[in-house]
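Comments concern the structure below.
The values are calculated or read from the model by the stated rules, or taken from the named source; none is laboratory data. These numbers come from a predicted model, not from an experiment. No Cβ is skipped: glycine too gets one built from the backbone with ideal geometry, and neighbour counts run over all protein chains shown.
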Amino acid sequence: MAGLQRSTISFRRQGSSGIVWDDRLIAELNKQANEQKGDTHQQEEQAKLITSEGQEQTTGDGGIKPIRTGGGIERSRSHRNTGRVSPAVDPPSPRLSAFGCCSAFGSKPTGKKPVNQRKRLPKRRSSIILARLLLLLLLLVVFSLALTANANSFESLLQLPRRTRPRSERLLHVGNFGAKGNGFTDDTKAFADAWKTACSSKAKNRILVPENYTCLVRPIDLSGPCKARLTLQISGTIIAPGDPDAWEGLNPRKWLYFHGVSRLTVEGGGSVNGMGQEWWRRSCKHNHSNPCRGAPTALTFHKCKNMRFENLNVIDSQQMHIAFTSCRRVTVSGVKVIAPESSPNTDGIHISASRGIVIDNTTVSTGDDCVSIVKNSSQISISNIVCGPGHGISIGSIGKSKSWEEVKDVTVDTAFISDTANGVRIKTWQGGSGLVSKIIFRNISMNNVSNPIIIDQYYCDSKKPCANQVKNLCHFFLQCSSDTEPEICYKLKNLQTSAVTIEKISFVDVRGTSASKQAIKISCSDTSPCRNILLQDIDLEPLNDDSFTESFCWEANGSSSGQVYPPSCLSDHETSFLEQSVRAGITSVSYL
């Protein structure tokens with residue numbers, strides 16, 4: 001061991017590559033190889049062994065040529081006897097298993113063929129290059145998608161996957177819940193069960209009344225909130241009980257009552273029939289000897305949001321046909337509402353305390369207002385509507401029972417009104433308060449319409465004209481001079497009570513025939529005159545060629561433009577009746 005250490009210390013050198021090797025060990029190995037020259041069999045076995053380990057190789061003369069594997073060296077025959085190698089050639093490291101020298105340092109040959117790192121290197125480089133090419137190709141695809149897709153699509157490409165919900169819609173056939181659909185069997189429970197199942201489901205559901213079904217449904221509440229979008233598809237017919245006694249002990253104002261439902265769609269091309277004939281016959285308006293009682297609205301939607309009502313027929317309601325109360329963002333389209341002209345209070349579409357209502361492509365033919373818009377409603381749009389017979393399109397009535405109410409931001413654009421008691425109308429009660437503002441009636445065609453344009457601040461729901469409501473005046477404070485006009489002094493003593501303010505009302509491009517002599521009638525309050533009324537491009541001809549039409553205004557201030565017939569009666573400046581009275585010589589007025 002000591003000799004080995006000395007030889008290691010004495011003869012260790014370092015090659016140009018920095019690998020340490022031992023000349024003495026290599027010389028000793030060459031000597032042993034020469035001694036075995038005579039034994040051919042042993043030499044061949046040794047050569048095979050050395051070759052199999054990839055570390056030694058015999059030469060033609062029996063010498064051994066060291067082979068560098070993976071960082072070793074190859075030694076030529078010229079150095080066999082001297083034990084020296086060129087400094088430019090790196091000897092093998094004693095830690096490598098080269099021609100058995102590893103045994104001198106306590107290492108064992110593994111018996112495995114060493115891996116040629118230089119030969120594997122090009123293969124690795126090829127893999128890296130291929131991976132880079134694939135990455136570049138992927139980037140090119142992503143950027144091409146970004147150029148052709150919109151911003152939302154590209155954003156969704158970069159977003160992490162979301163938790164998805166099932167997109168399929170479940171169909172709930174009312175027949176599967178027990179509905180018979182024969183027109184005389186009570187199907188109310190089947191409807192209630194189908195609604196409960198649909199409303200409680202997290203998936204989208206569609207309740208189906210098929211074409212060949214006629215379902216008799218008693219008064220029913222269809223309430224929310226529901227967990228997902230819900231569609232009621234009425235392809236067949238839903239009918240109400242024909243006998244008013246079926247409402248005994250129930251709310252007589254309701255039949256199909258939806259409330260608190262969001263994302264509801266009612267559609268299907270079928271019909272909802274209120275069977276209102278017996279209700280009309282018992283009405284006090286139809287027969288004054290009958291007691292006045294409430295009657296149901298066929299379809300009421302209360303506190304509903306983001307809903308659609310499309311492609312349905314609503315027929316012969318007991319009273320109002322469709323009502324939206326305290327609703328938000330509703331679209332009505334492709335709807336037909338039909339009832340006899342003689343049916344009392346059968347408004348087509350009634351809007352109350354609602355906002356964001358759109359009515360389009362709708363036909364209404366009833367015994368009352370085609371569309372009525374009442375208290376605290378705004379952002380209402382009506383377009384492409386056919387109205388008549390009936391009472392026209394109305395804002396109001398407003399301010400009943402001395403209440404404060406408001407309607408604003410209403411547009412009626414493109415309407416055909418025929419055979420109605422009124423055309424486009426605003427009606428308010430005496431004694432009420434509030435505001436009607438920013439109302440536009442535009443592109444209106446009329447045929448055989450009484451009162452085509454009317455604003456009435458003296459409205460009352462009575463066959464006979466209502467008496468003018470006046471304030472209680474202290475007459476002893478009223479001093480009329482000798483030159484005071486008697487008419488003004490009389491009116492001042494009977495001054496009207498408060499009224500709803502009406503302002504910013506526009507009638508634009510209204511044309512057709514008037515069945516009444518007064519084609520334009522604007523009757524406003526003495527205490528609250530109408531302001532900023534616009535008449536533009538009006539042509540309302542008499543129904544008969546041998547007559548003429550006229551306009552009437554009272555306390556109406558505004559302007560006109562374009563051709564207006566009958567001629568405008570609006571005042572171009574705002575002067576209230578009180579201002580006129582002061583100029584007429586009345587010096588003092590006081591109210592209780």
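Worth a mention:
- Residues (part of a strand (DSSP E or B), farther than 24 Å from ASN384 by Cβ and among the polar types (S, T, N, Q)) located in the range 413-443: THR428, SER433, SER437
- Subset of the range 331-355 [more than 19 Å from PRO296 (Cβ to Cβ) and surrounded by 22 or more Cβ atoms within 10 Å (Cβ to Cβ)]: VAL332, SER354
- The requirement of being in contact with a Pro (Cβ under 9 Å, 6 or more places away or on another chain), of a type outside the set (D, E, K, R), surrounded by fewer than 19 Cβ atoms within 10 Å (Cβ to Cβ) and in contact (Cβ under 8 Å) with a residue 12 or more places away in the chain is not satisfied by HIS259.
- Condition met for VAL358 (surrounded by fewer than 17 Cβ atoms within 10 Å (Cβ to Cβ) and of a type in the set (A, V, I, L, M)): yes
- Pairs meeting the criteria (first residue in the range 193-208 and among the acidic types (Asp, Glu), second residue surrounded by 15 or more Cβ atoms within 10 Å (Cβ to Cβ) and modelled with pLDDT of 95 or more, beta carbons under 6 Å, at least 6 apart or on different chains) are ASP193/PHE177.
- Any hit, the range 336-347, residues being outside any loop (DSSP other than H, G, I, E, B), closer than 24 Å to PRO252 by Cβ and of a type in the set (S, T, N, Q): no
- Those strands (runs of 3 or more DSSP E) of the range 280-332 in which at least 1 residues are within 27 Å of GLY356 (Cβ to Cβ), without any contact (Cβ under 8 Å) to a residue 40 or more places away in the chain and of a type in the set (Phe, Trp, Tyr), considering only elements entirely within it, cover 322-325.
- Within the range 539-550, restricting attention to residues that are outside any loop (DSSP other than H, G, I, E, B) and either modelled with pLDDT under 95 or in contact with a Phe, Trp or Tyr (Cβ under 9 Å, 6 or more places away or on another chain) (or both), the residue that is surrounded by the most Cβ atoms within 10 Å (Cβ to Cβ) is LEU540.
- When the range 515-529 is limited to residues that are of a type outside the set (Ser, Thr, Tyr) and buried (at least 21 other Cβ atoms within 10 Å of the Cβ), the one that is modelled with the lowest pLDDT turns out to be ASP526.
- Test result for LYS196, assigned to a helix (DSSP H, G or I) and surrounded by fewer than 18 Cβ atoms within 10 Å (Cβ to Cβ): yes
- In the range 446-473, the residue that is modelled with the highest pLDDT out of those that are surrounded by 17 or more Cβ atoms within 10 Å (Cβ to Cβ) and among the hydroxyl-bearing types (Ser, Thr, Tyr) is SER450.
- Note on the range 496-538: among residues that are outside any loop (DSSP other than H, G, I, E, B) and over 18 Å from GLY558 (Cα atoms), the one that is nearest to the chain's Cα centre (by Cα) is ARG511.
- Residues located in the range 302-325, provided they are farther than 27 Å from PRO244 by Cα and surrounded by fewer than 19 Cβ atoms within 10 Å (Cβ to Cβ): LYS305, ASN306, ARG308, GLU310, ASN311
- Of all the residues in the range 361-379, those that are within 23 Å of ASN313 (Cβ to Cβ), under 24 Å from the mean Cα position of the chain (by Cα) and surrounded by 21 or more Cβ atoms within 10 Å (Cβ to Cβ) number 1.
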